[in-house]
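So the structure is just underneath, and the comments pick up after that.
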Amino acid sequence: MAEFKAQVEQAANSLEKAVAEQTARFESAVQEMTKLQSKSIAQANAVFEDVARVAREQIAFGEQLASEWRKAVLASVKSASEIFSAKA
């Protein structure tokens, strides 16, 4: 009977050790996932900031281009009107 009791205790100890090891592995995996998640979020924020910056620059360039186009068209219209009004 004592031998059976010793075997049961040994099995319980082995099981307890296995559960503790699995818990430690799981905690380690969760910590690693947390690190990766934080890194991913930081990278995503950096990408979104870059995209927003580029979009703002493109909008500003489009505005500048439109302004230059309006100036060129206005100068052309004035020049053309001067040519036609001088002949008339």
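Where a number appears in this text, it was derived from the coordinates with a stated rule and is not lab data. Remember, predicted model here, so these are calculated numbers, not experimental data. Ideal geometry is used to build each Cβ from the backbone, glycine not excepted, and the neighbour counts take in all protein chains shown.
Tell me which label goes with the value of percent of Cα pairs over 22 Å apart computed from the coordinates here: (1) 71; (2) 43; (3) 31.
Comparing each candidate, only (1) matches the computed number.
Please give the calculated 222 nm ellipticity per residue for the chain, where each DSSP H segment of at least 4 residues contributes -39500 (n - 2.57) and the sum is spread over every residue; nearest 500 deg cm²/dmol?
Here the helix-only value at 222 nm equals -37500 deg cm²/dmol.
So, with +1 on the Cβ of K and R and -1 on the Cβ of D and E, and no other charges, what is the size of the charge dipole of the chain about its Cα centre, to the nearest 20 debye?
For this selection, approximately 740 debye.
Just grab the label-to-label distance for Thr23 and Ala55, each label 7 Å out from Cα along the Cβ direction, in nm (one decimal).
Using points 7 Å along Cα→Cβ, the separation is 4.8 nm.
Once label points are set 7 Å from the Cα along Cα→Cβ at both Val47 and Ala6, what is their separation, rounded to one decimal in nm?
With each label placed 7 Å out from Cα toward Cβ, I get 6.2 nm.
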